[in-house]
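Worksheet: the structure to be examined is printed underneath.
The values are calculated or read from the model by the stated rules, or taken from the named source; none is laboratory data. Values in this document were obtained by computation on a predicted structure and should not be read as measured data. For neighbour counting, all protein chains shown are included, and Cβ atoms are generated from backbone atoms with ideal geometry for every residue, glycine included.
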Amino acid sequence: MSILPKNERKPTVDTPHNFFIYGATMSGKSYLAERFPNPLFINTDGNSLANPAPSIQLRNVKDENGNLKQSVLEDLDEVMFELQTQNKNKQFGYETIVLDVIDDICQLIEQAICTEAGVKSLSDIGYGKGYATFNTVLQDLVMNLKSLPLNIVYISRVNYETHEGVDTTKEVPSLKTKYYNVVNGNCDLVIHTQKVGTNYIRTIKDKRKKYYEDKINDPKILRILKAIPGAISKRPIEKKTDSK
C-alpha cells in the first residue's frame, strides 16, 4: 500500500495555534493569555499566585556549593514529557500552554548552562559551544511545543525603541532579536497589548497569513480572535459581472 496521498485537493482548516503576546507591565498580557481554553502557565515572574489558572514555577536552585540542585533544563524536560504522555488523561486536559515570560525562560536556560559549565557567560564556553547548546535547547523547546496538539502562547515584556529626530518611542519585544526570531518564526500571530488610561488595547502586529472566520474550526479560539481588531480578515467582495 502506497504512503502517497491521493492527488486531489481538499478543504483547508486554518486555525492559528501559536501566539506571541508582548506588552508593558500591567497591559493585560497574562489576562489575555488566561482567556485561552484550559491554560497551564509555565511561570517565571513569581506572579502565579495572582493568576487563578494552574501554573508551574520554573527556577534554577543552587546548593551551598553553588551547584545546581534544581535545573530549569530538567524542569522543562519533565514538563514536556508530561505534556506528551499524560495530558490526554481527563485529570489534566490542558488545551493551552502559556510561557510567562519567555524572556526569563531564555535567561534561566543561559544561567543553567553557564552554572553547569562553571562559567559566567555563554561566551566563556570555548569554541562557541555555549551558544550552540543554548540554541539547541531553545529550538528544541519551541519545536516540541509546536508539535503538541495544543495552543501555545509566548508572553514577552517590552523595550522602548527611539529614533533620532522622532519624539515618540515605540514598544518592541524585550526578547533578544536572535531568540525572538526563533520563537516568532514558529508563531501564527503577534499581539501587542497596551493600557491607555483605563482602556486595554490589543493590536495585531504580525500574522503568518490571513485568517478567515469560516476556516477556523475552534470556536474558543475564534471568540478570542474576533475580540482583537485585525485578527480575522474579511473576504474581498466579489464583483458581479453582467452576463450576456
Suppose the filter is over 12 Å from the mean Cα position of the chain (by Cα), aliphatic (A, V, I, L, M) and more than 26 Å from residue 55 (Cα to Cα); does residue 158 pass it?
no
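Conditions tested, residue by residue: (1) of a type outside the set (A, V, I, L, M); (2) in a strand (DSSP E or B); (3) crowded, with 21+ Cβ neighbours inside 10 Å; (4) at pLDDT below 95.
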site	(1), (2), (3), (4)
138	no, no, no, no
144	yes, no, no, no
154	yes, yes, yes, no
167	yes, no, no, yes
Do the conditions hold for residue 133, that is, is it surrounded by 12 or more Cβ atoms within 10 Å (Cβ to Cβ), assigned to a strand (DSSP E or B) and of a type outside the set (D, E, K, R)?
no
Has the stretch 40-48 got any residue that is within 22 Å of residue 193 (Cα to Cα) and either in a helix (DSSP H, G or I) or in contact with a Gly (Cβ under 8 Å, 6 or more places away or on another chain) (or both)?
yes
Pairs please, first residue from the stretch 1-14 and within 22 Å of residue 222 (Cα to Cα), second anywhere and assigned to a loop (DSSP other than H, G, I, E, B) and of a type in the set (A, V, I, L, M, F, W, C), Cβ atoms under 7 Å, 6+ apart in sequence or on different chains.
14/216
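For the stretch 173-224, give me each residue that is among the aliphatic types (A, V, I, L, M), part of a strand (DSSP E or B) and touching a residue at least 60 places away in the same chain (Cβ under 8 Å).
189, 190, 191
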Residue that is surrounded by the fewest Cβ atoms within 10 Å (Cβ to Cβ), among those in the stretch 92-112 that are over 19 Å from residue 18 (Cβ atoms) and not charged (D, E, K, R)
93
I need the full set of residues from the stretch 99-130 which are touching a residue at least 40 places away in the same chain (Cβ under 8 Å) and either touching a Gly at 6+ places or on another chain (Cβ under 6 Å) or part of a helix (DSSP H, G or I) (or both), in order please.
102, 103, 104, 105, 106, 108, 111, 112, 113, 115, 116
